[in-house]
Amino acid sequence: MLNEGGDTDESLWGFGAFSSRQAVIGGGAARLAGEAVRDRALRLAAGMLDAKADELTLSGGQIYVNGDERPPLSLAEVGRVAYLESNRLPAGMEPGLEETRFYDPIRGAFTAGASRAWPRMTANCTRCSGRSPTATGCSAASARRGS
C-alpha cells in the first residue's frame with residue numbers, strides 16, 4: 001500500500017486537520033503568546049525607561065524609546081529584571097515574561113493537501129503493489145480478504 005501525503009499535484013484540496021493541534025492551531029497560539037510576551041516586556045521596559053509602552057520599539061534584541069537619543073535597553077536586561085529583580089517591577093506586574101494563549105479558529109482549520117492510497121494486488125494475490133517503488137508487501141491472508 002502506498003500512502004502519499006500532501007501531494008497537491010494529485011489532490012488539490014483535502015478536508016485537512018479540522019480543529020486539530022497542527023500548525024494552524026499551534027502556530028496561532030504561539031503567535032498570540034509571543035505578542036503577549038513582547039507586550040509584557042515593553043510594559044516592563046517602559047517602567048525601567050520612564051516612558052510609555054507605546055513609545056517603545058523592540059528591534060534586534062534592543063528596546064528603543066522612539067525619537068529619543070538614550071541608549072537602548074537590551075531585552076536581556078529586561079528579562080533579568082523580570083526574573084531576578086522583582087523590586088524593580090512596575091506596580092501590579094507579576095515576575096517573569098511568560099504568557100499562555102490559546103487559538104481556536106471559528107471555522108476550523110483546513111490544509112491544502114490530502115492523503116490517498118492506491119492498493120493493487122498481483123495476479124497470485126501474495127503481494128500488494130502500489131503506484132511507486134515505495135509500496136510495501138502484504139500477506140496472502142489479507143489479499144484473500146480483499147484488504
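Points to keep in mind about this one:
- If you go through segment 55-76 and keep only what is within 27 Å of the chain's Cα centre (by Cα) and not small (Gly, Ala, Ser), you end up with Leu56, Thr57, Leu58, Gln62, Ile63, Leu75.
- Residue in segment 61-107 that is modelled with the highest pLDDT, counting only those that are surrounded by 14 or more Cβ atoms within 10 Å (Cβ to Cβ) and of a type in the set (Asp, Glu): Glu77
The values are calculated or read from the model by the stated rules, or taken from the named source; none is laboratory data. All values derive from a computational prediction rather than experimental measurement. So basically every Cβ, Gly included, is an ideal-geometry build from the backbone, and we count neighbours across all protein chains shown.
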